[in-house]
1. Please give the charge dipole size of segment 14-171, origin at the Cα centre, charges +1 on K and R Cβ atoms and -1 on D and E Cβ atoms. Round to the nearest 20 debye.
2. Over segment 1-152, calculate the relative contact order: mean separation of alpha carbon pairs under 8 Å at least 6 apart, over the residue count, as a percent.
3. Counting alpha carbon pairs within less than 8 Å and at least 6 residues apart, what relative contact order, in whole percent, applies to the chain?
4. Between rounded, prolate and oblate, where does segment 218-306 land on the alpha carbon gyration tensor, with a ≥ b ≥ c its root eigenvalues, rounded for a/c under 1.5, else prolate if a/b exceeds b/c?
5. If you look for lysine pairs in segment 181-306 that are eight or more places apart or on different chains, how many of them have Cα atoms under 14 Å apart?
6. Calculated from DSSP H runs of 4 or more alone, at -39500 (n - 2.57) each and per residue, what is the 222 nm mean residue ellipticity of the chain, nearest 500?
7. Please go through segment 154-214 and write out the GluC sites (Glu not before Pro) that DSSP classes as loop and that have at most 13 other C-beta atoms within 10 Å.
8. Kindly express, to the nearest 10 degrees and within the range 0 to 90, the angle between helix 260-269's C-alpha long axis and the longest C-alpha principal axis of the chain.
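Values quoted throughout were computed directly from the atomic coordinates according to the rules given, and no laboratory measurement underlies them. All values derive from a computational prediction rather than experimental measurement. Cβ: placed from backbone, ideal geometry, glycine included. Neighbour counts: every protein chain shown.
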Amino acid sequence: MMAQHVVVTEYDPAWTEKYRKEAGIIQGILGNNCLAVYHIGSTSVPELAAKPVIDLMPVVRSLEEADRAAERFSQAGYEYLGEFGIPGRRYLRKGGDERTHQVHIFQADDMENIGRHLAFRDFMMKHEREREEYARLKKNLAQQFPYDIERYCSGKDAFVRRMEARALAEYDSIWDRLYLAARRVQNPRTISPFIDAGGVAAALVTETGNIYVGVCIDTACTLGMCAERNAIANMITNGESRIQKIVAVMGDGKPGMPCGACREYLMQLDQNSKEIEFLCDLDTRETIKLQELTPHWWGAKAFEKA
C-alpha cells in the first residue's frame with residue numbers, strides 16, 4: 001500500500017453536497033439505528049482550507065447494531081476498523097490511499113465525543129482569525145510532509161487541542177441534546193386499527209435544565225395529541241411548566257414548526273412563553289421565537305392583569 005498523499009486545498013462549496021450524498025448512503029445502511037449524520041472536520045467549515053476528505057459523524061441508538069452493518073458498509077466501499085484508538089467510536093474510511101471519506105460513529109449517549117467534534121466545528125465557523133491560522137498551519141505541514149500523514153497530524157495536535165479547549169468552553173450542546181432526545185423516541189408504529197404513534201417526536205428543556213420528550217399520537221377521532229403537547233404533558237406531570245427551548249422532529253428527520261393548536265397551548269402556558277425558542281435547522285442552528293410564530297396574541301392582556 002502506498003503512503004497517503006497529504007494535499008490541502010482551498011475550501012470547495014461542493015464538499016457540502018458530497019457530505020449530503022454520502023449521508024444519505026450511510027442513513028440507508030444504518031436504517032432506524034441512525035439518529036443523525038453530522039458533517040464534521042475541516043470540510044464542514046466554510047472558507048477553511050482542508051484535505052478534500054469528507055468527515056461524517058453518524059449518531060446511532062446502538063453501536064452493537066452498527067457493528068452488524070459492517071458488511072453493508074464494506075459493500076459501499078468502506079473499511080470498517082472498529083474503535084481505531086478512540087473508545088466508544090466506530091471508525092470507517094473510504095477511498096484507499098487517496099482517501100475520500102471518513103466516518104466516525106458514536107452512540108447517542110456519548111455527548112462527550114459528539115460534543116467535542118461539534119464544538120470544534122462551530123468554533124472554527126465563528127472565529128475567522130483562528131480559522132486562518134489553522135489553514136496556514138495545515139498548508140505548511142502538507143508541504144513539509146506530503147507523504148507522511150502521521151507527522152502531518154502530529155504537527156496539528158497542539159493547535160487542535162488548544163482550540164478544542166476554547167471551543168468546548170463556549171459550546172452549548174442543548175440543541176444537539178434536544179434533537180437527539182427527540183430522535184431516540186421517534187419510532188413510527190401502529191398501536192391499534194385506530195391509533196398510530198411516533199411519526200413525529202419532540203423534546204423540550206425547562207428553565208431548570210430538565211429535558212422532557214413526547215411523540216405524536218394520531219387517532220381515528222379527535223382524541224390524538226401532537227408530539228409537542230405530549231412532551232408538555234410529561235413536563236407538567238413532573239411538576240414543571242416553564243419552557244426555554246423546543247425541538248420537534250418531523251418524519252423526514254428535519255426540525256419542524258408547531259401547529260396552530262400547539263402554538264396556542266404554549267402561549268397560554270406562561271406569560272414568558274413568547275420567549276420559547278424553536279429549532280428551525282440543525283446544521284445552521286437557525287431558531288425562531290414563539291412570539292414570532294404567534295404575533296399579536298389575543299391573550300397577552302390577561303397575563304398583564306394576573
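1. Details: 25 positive and 25 negative charges, 76 e Å.
My answer is approximately 360 debye.
2. Values: 249 pairs, mean separation 41.8, N = 152.
Here the relative contact order equals 27 percent.
3. Working: 537 pairs, mean separation 35.8, N = 306.
Relative contact order here is 12 percent.
4. Working: a/c = 1.65, a/b = 1.19, b/c = 1.38.
Oblate.
5. On the way: Lys245/Lys274; Lys245/Lys289; Lys274/Lys289; Lys274/Lys301.
Eligible lysine pairs with Cα atoms under 14 Å apart amount to 4.
6. Values: 11 runs with 126 residues, N = 306.
Per the formula, -12500 deg cm²/dmol.
7. Numbers: sites: Glu164, Glu170, Glu207; in loops: Glu207.
Of the GluC sites (Glu not before Pro), the ones in loops of segment 154-214 whose Cβ has at most 13 other Cβ atoms within 10 Å are Glu207.
8. 80
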